Amino acid sequence: MSKNLYVISGPSGVGKGTVIREFLIRNPGFMLSISCTTRAPREGETDGINYFFLSKEEFQRYIDQDKFLEWAEFAGNRYGTLKKFIDQCLALDKNIILEIDTKGAMQVKSKMPDAVLIFIAPPSFEVLEDRLRGRHTEDETAIQKRLDEVLEELARAQYFDYKVVNDDLNRAVNKLEDIIRRQDAQR
Ligand code: 5GP
């Protein structure tokens, strides 16, 4: 693999999506994988852009057909990365970004040891809880499930190659750019 595969994880509500979006605006040559999920679309989300929204049966069929590089269950729903997308990007010699949970990140690292794992951390647990509630995209039950996942996600941060604290968007994106620039220079 001549290009890098960057796996970006972090607890729900940490703002990884925003950091990655800003990174991609500044670095348009990177390919962001579109995951499959059994979660229902949120308002404003579009099939094939934010996710491929699958039924539970379709997702199970994809597992049976070995279509996923990795997949994991998160807060009651399943999420997976398609092998096909990764293969296509590698064939085109493109840098790839996966925004996935920490369980999925561990699977990618064991299958593709050259993958670079970056953990986006919150300044504190309280800030994270406030952000998760403040975005109003989940009901209370879903928020509780996501908060239950947070401690597990934070515990897995030790297995990541780099950590970026998202206390300020611009600072976090700058740090991400620094990490990626350094990694790319090593290729
Ligand atoms: P959300 O429902 O907020 O979009 O995503 C919930 C969690 O699932 C986030 O931590 C997100 O990074 C993760 N996720 C999204 N796509 C994938 C995927 O393909 N695989 C895995 N393992 N996690 C994913």
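The values are calculated or read from the model by the stated rules, or taken from the named source; none is laboratory data. Quick caveat, the model's predicted, so the values are computed rather than measured. When we count neighbours, we look across all protein chains shown, and the Cβ atoms used for this are built from the backbone with ideal geometry, even at glycine. These area figures cover heavy atoms from the full protein model, side chains too; ligands, DNA and RNA do not enter into them. Shrake-Rupley method; radii C 1.70, N 1.55, O 1.52, S 1.80 Å.
Brief remarks on what is shown
- Of the residues LYS111, LYS83, the single one that is more than 10 Å from the ligand (Cβ to nearest atom), of a type in the set (Lys, Arg) and in contact with a Phe, Trp or Tyr (Cβ under 7 Å, 6 or more places away or on another chain) is LYS83.
- Only residues that are at pLDDT below 95 and near the ligand (Cβ under 8 Å from one of its atoms) were counted across the range 63-79, and they come to 2.
- Residue within the range 36-46 that is within 30 Å of SER124 (Cβ to Cβ), out of contact with any Cys (no Cβ under 9 Å at 6 or more places or on another chain) and open to solvent by less than 30 Å² (accessible area, probe 1.4 Å) present: yes
- ASP139 over 19 Å from the mean Cα position of the chain (by Cα) and in contact (Cβ under 8 Å) with a residue 60 or more places away in the chain: no
- Taking the numbered list (1) under 15 Å from ILE96 (Cβ atoms); (2) out of contact with any helix residue (DSSP H, G or I) (no Cβ under 8 Å at 6 or more places or on another chain) in turn, ARG21 passes all entries but (1).
- Condition check for LEU98 on (1) within 21 Å of TYR62 (Cβ to Cβ); (2) touching a residue at least 24 places away in the same chain (Cβ under 8 Å); (3) assigned to a helix (DSSP H, G or I): one failure, at (3).
- Selection over the range 67-86 of residues that are within 14 Å of LEU32 (Cα to Cα) and in contact (Cβ under 8 Å) with a residue 24 or more places away in the chain gives a count of 5.
- Looking across the range 63-111 at every residue that is at positive phi and surrounded by fewer than 17 Cβ atoms within 10 Å (Cβ to Cβ), the one that is nearest to the chain's Cα centre (by Cα) is identified as GLY76.
- Taken together, the residues in the range 1-41 that are polar (S, T, N, Q), part of a loop (DSSP other than H, G, I, E, B) and more than 8 Å from the ligand (Cβ to nearest atom) amount to 4.
- Scanning the range 149-169 for residues that are over 13 Å from ASP101 (Cβ atoms) and either in contact with an Asp or Glu (Cβ under 8 Å, 6 or more places away or on another chain) or charged (D, E, K, R) (or both) gives ASP161, LYS163, ASP167, ASP168, LEU169.
- For LEU90, the conditions (1) closer than 14 Å to TYR6 by Cα; (2) among the aliphatic types (A, V, I, L, M); (3) within 10 Å of the ligand (Cβ to nearest atom) are fulfilled apart from (3).
- Scanning the range 69-81 for residues that are within 20 Å of ALA40 (Cβ to Cβ) and part of a strand (DSSP E or B) yields TRP71, ALA72, GLU73, PHE74, ASN77, ARG78, TYR79, GLY80, THR81.
- From the options ALA157, ALA142, ALA172, residue that is small (Gly, Ala, Ser), in a helix (DSSP H, G or I) and open to solvent by less than 10 Å² (accessible area, probe 1.4 Å): ALA172
- Number of positions in the range 42-55 that are among the acidic types (Asp, Glu), assigned to a loop (DSSP other than H, G, I, E, B) and either in contact (Cβ under 8 Å) with a residue 24 or more places away in the chain or more than 10 Å from the ligand (Cβ to nearest atom) (or both): 1
Rundown of residues vs (1) at pLDDT 95 or above; (2) more than 13 Å from GLY10 (Cβ to Cβ), yes/no style:
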| residue | (1), (2) |
| --- | --- |
| ILE100 | yes, no |
| SER110 | yes, yes |
| SER124 | no, yes |
| LYS145 | no, yes |
| ASP178 | yes, yes |
